[in-house]
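Student: After the structure tokens below, expect a handful of questions from me.
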Amino acid sequence: MRILVVDDEPLARERLQRLLARLRPDAAVSEAGDGESALRAVQTAPPDLVLLDIRMPGIDGLAVAEQLAAMAQPPAVVFCTAYDAYALDALRHAAVGYLLKPVREAELAQALAAAGRVNRAQLAALRGDEGRRELVSSGHGGMRTLPVDAVRCLLAEQKYVVAYTPGGSLVLDETLKDLEREFPQRFARVHRGALVALAHVTRLARGDGGWVVELDGVDQRPAVSRRHLGAFRERLAAR
């Protein structure tokens, strides 16, 4: 069994290493101190199980879990958290493994036995209505992140989805359909190949042959299909 321990606190990693040495002496255990290192480690040597801290600087545990869930063969995930009772209720409801710090040996043993593979629906339950704070892309240039708040529109371009912001763009591995489901209050569908951030729409304007959406801070003007025009107008009026 291959286990990856991910935590930004060295003492927390050491504690888990000691407990795993007793509970799973035959396991190959490795560690990472942040989200980016964890994702690189998973790409280099895919683990069977990830013990994953939630609150970390940079790419947090939920963003790491999002990337793991998108893998063809994702590892099992057990979250390690210092969340309060309310958040633990959410974790229980989502039916994924969790451990409350400081981790106890008996609880770790139970979590290892019950470890499950986290999926997008469970992650959405953990995040609540607002969704994650960052979008993550893993390409040849390494890991890149983009604040969701900065995104003006999401456009399907060939085989990829591109997120546009005033500061640039980011190619994502996710589908428009998945992003629309995850952020139903933030983004509105205007075309089969386009989502726009409602908070950044400046106006609905006439374009060449139809309607387009103008957004603050970017030059992109996504086209609005006749199919989505009525619903989009209603959403603009309700802002």
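The values are calculated or read from the model by the stated rules, or taken from the named source; none is laboratory data. Not measured: the values here are computed from a predicted model. Cβ: placed from backbone, ideal geometry, glycine included. Neighbour counts: every protein chain shown. For the accessible areas, the whole protein counts, side chains as well, though only heavy atoms, and no ligand, DNA or RNA atoms are used. Shrake-Rupley method; radii C 1.70, N 1.55, O 1.52, S 1.80 Å.
Student: Would you tally the residues in the range 190-239 being of a type in the set (D, E) and at pLDDT below 95? Step through it out loud before you land on a result.
Tutor: The first filter runs over the range 190-239 and keeps only residues of a type in the set (D, E), leaving 208, 214, 216, 219, 234.
Those still in the list that are at pLDDT below 95 too: 208, 234.
Number of matching residues: 2.
Student: I'm told F183 meets every condition in (1) closer than 23 Å to Y160 by Cβ; (2) out of contact with any Gly (no Cβ under 6 Å at 6 or more places or on another chain) except one. Can you identify the failing condition by its number?
Tutor: Tallying (1) closer than 23 Å to Y160 by Cβ; (2) out of contact with any Gly (no Cβ under 6 Å at 6 or more places or on another chain), F183 fails exactly one: (2).
Student: Now a separate question. Please go through the range 26-42 and give me each residue that is more than 13 Å from L108 (Cβ to Cβ) and in a strand (DSSP E or B), ordered by number. If you could, list the steps in order and put the result at the bottom.
Tutor: Going through the range 26-42, the residues more than 13 Å from L108 (Cβ to Cβ) turn out to be 26, 28, 30-42.
Scanning the range 26-42 gives A28, S30, E31, A32.
Student: Quick check on my filter: what residues within the range 171-187 are open to solvent by less than 20 Å² (accessible area, probe 1.4 Å) and either outside any loop (DSSP other than H, G, I, E, B) or among the small types (G, A, S) (or both)?
Tutor: The first filter runs over the range 171-187 and keeps only residues open to solvent by less than 20 Å² (accessible area, probe 1.4 Å), leaving 172, 174, 176, 179, 183, 187.
If the condition is that a residue be open to solvent by less than 20 Å² (accessible area, probe 1.4 Å) and either outside any loop (DSSP other than H, G, I, E, B) or among the small types (G, A, S) (or both), then L172, L176, L179, F187 are the ones that fit.
Student: I'd like to know if the range 39-47 contains one or more residues that are surrounded by fewer than 23 Cβ atoms within 10 Å (Cβ to Cβ), at pLDDT 85 or above and within 14 Å of the chain's Cα centre (by Cα).
Tutor: yes
Student: Separate question: Quick one: in the range 1-25, which of the residues that are assigned to a helix (DSSP H, G or I), among the basic types (K, R) and open to solvent by 50 Å² or more (accessible area, probe 1.4 Å) is farthest from L100 (Cα to Cα)? Reasoning before the result, please.
Tutor: First, the residues of the range 1-25 that are assigned to a helix (DSSP H, G or I): 10-23.
Adding the requirement that they be among the basic types (K, R) leaves 13, 15, 18, 22.
Among the residues that remain, those that are also open to solvent by 50 Å² or more (accessible area, probe 1.4 Å) are: 15, 18, 22.
Working: R15: 13, R18: 17, R22: 19 Å.
The extreme case among them is R22.
Student: May I ask you to list the residues in the range 145-170 that are buried (at least 16 other Cβ atoms within 10 Å of the Cβ) and among the basic types (K, R)?
Tutor: Once the filter is applied, which keeps residues that are buried (at least 16 other Cβ atoms within 10 Å of the Cβ) and among the basic types (K, R), the range 145-170 yields only R152.
Student: At pLDDT 90 or above and under 19 Å from L52 (Cα atoms), is that true of E105?
Tutor: Working: at pLDDT 90 or above: yes; under 19 Å from L52 (Cα atoms): yes.
Taking the combined requirement at face value, the residue satisfies it.
Student: Right, next: With (1) open to solvent by 20 Å² or more (accessible area, probe 1.4 Å); (2) of a type in the set (A, V, I, L, M); (3) out of contact with any strand residue (DSSP E or B) (no Cβ under 7 Å at 6 or more places or on another chain) as the list, and A28 as the residue in question, which single condition is left unmet?
Tutor: Result: A28 fails condition (3) only.
Student: Here's another thing I want to ask about it. Quick one: which residue in L52, L16, L62, L20 is in contact with a Phe, Trp or Tyr (Cβ under 6 Å, 6 or more places away or on another chain), touching a residue at least 12 places away in the same chain (Cβ under 8 Å) and on the phi < 0 side of the Ramachandran plot? Steps first, answer last, please.
Tutor: Details: L16 fails: in contact with a Phe, Trp or Tyr (Cβ under 6 Å, 6 or more places away or on another chain); L62 fails: in contact with a Phe, Trp or Tyr (Cβ under 6 Å, 6 or more places away or on another chain); L20 fails: in contact with a Phe, Trp or Tyr (Cβ under 6 Å, 6 or more places away or on another chain).
Only one candidate passes the filter, namely L52.
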